[in-house]
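Here's the structure we're looking at; comments come further down.
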Amino acid sequence: NITNNANDKDIVFQCDDGSGGVTAYLTIDGSATITQVHKNLRVDDSIQLQLGTGSDLRLYHDGSNNYIHNDTGDLRIENDATDGDIIFRSDNGSGGLSTYFRVDGGLQKTIFPDNQKLSFGSSGDLDLYHDSTNSRIENSTGDLQIQNFADGKDIKLMSDDGSGGTSTYLQLED
């Protein structure tokens, strides 16, 4: 047992800093009632970082893949920074990273950068995207069906009317 009975005092684990000095690696802070890790913390392959009394959230790497595993309730990803974004990046096929989409807190929109396709179907049969100039809906399998199930409502194709507004150019009525 390692115990410090002094009120509002700490237990500090120190070691060589790699440059001939000593630095804190771990502090159990009695006044703030937190444990601080001051240097990188490495968890070996297949060893889980378990959170919650019942180990309900687990983070781990199995030597090949990384996992976030939740057993209870919702898994929420939140960014509470004012106007902050949640940015989804991955390999771009050329050894670098690309942003595939972002949840933009300032604009309150989900944004897909130019030429990043939103694909549907197991083989990516339907794509929606913007190519820097035009917006595209591309279907490569079967019919492209547009259905409106709202009772008594129409399907309207609208476009710029040349005077700053829009007009309906094609309307399929109930």
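For the reader, a short list of remarks on this structure follows.
- Any hit, the stretch 140-151, residues being in contact with a strand residue (DSSP E or B) (Cβ under 9 Å, 6 or more places away or on another chain), on the phi < 0 side of the Ramachandran plot, in a strand (DSSP E or B) and of a type outside the set (Asp, Glu): no
- When Asp127 is tested against (1) at pLDDT 95 or above; (2) in contact with a strand residue (DSSP E or B) (Cβ under 6 Å, 6 or more places away or on another chain); (3) more than 27 Å from Gly142 (Cβ to Cβ), just one condition goes unmet, and that condition is (3).
- The selection criterion, being farther than 30 Å from Asp62 by Cβ, open to solvent by 60 Å² or more (accessible area, probe 1.4 Å) and not polar (S, T, N, Q), holds for Ile2.
- Complete set of residues in the stretch 22-56 that are open to solvent by 90 Å² or more (accessible area, probe 1.4 Å), without any contact (Cβ under 8 Å) to a residue 12 or more places away in the chain, part of a loop (DSSP other than H, G, I, E, B) and hydrophobic (A, V, I, L, M, F, W, C): Leu41
- Just one residue in the set Ser132, Ser98 is of a type in the set (Gly, Ala, Ser), out of contact with any helix residue (DSSP H, G or I) (no Cβ under 6 Å at 6 or more places or on another chain) and at negative phi; that residue is Ser98.
- Extreme residue, nearest to Asn92 (Cα to Cα), among residues of the stretch 102-131 that are part of a loop (DSSP other than H, G, I, E, B) and open to solvent by less than 70 Å² (accessible area, probe 1.4 Å): Gln116
- When Asn5, Asn65, Asn70, Asn1 are screened for being more than 30 Å from Ser132 (Cα to Cα) and in contact with a Leu (Cβ under 6 Å, 6 or more places away or on another chain), only Asn70 passes.
- Residues that are out of contact with any Asp or Glu (no Cβ under 7 Å at 6 or more places or on another chain), surrounded by 10 or more Cβ atoms within 10 Å (Cβ to Cβ) and in a loop (DSSP other than H, G, I, E, B), drawn from the stretch 57-78: Leu75
- Residue within the stretch 82-96 that is within 30 Å of Leu170 (Cβ to Cβ), part of a loop (DSSP other than H, G, I, E, B) and polar (S, T, N, Q) present: no
The values are calculated or read from the model by the stated rules, or taken from the named source; none is laboratory data. It should be emphasised that the depicted structure is a prediction, and the values quoted were computed from it without experimental measurement. Cβ coordinates were reconstructed from backbone atoms using ideal geometry, including for glycine residues, and neighbour counts include every protein chain displayed. The protein model used for the area step is the full one, side chains on, heavy atoms only, and it has no ligands, DNA or RNA in it. Shrake-Rupley method; radii C 1.70, N 1.55, O 1.52, S 1.80 Å.
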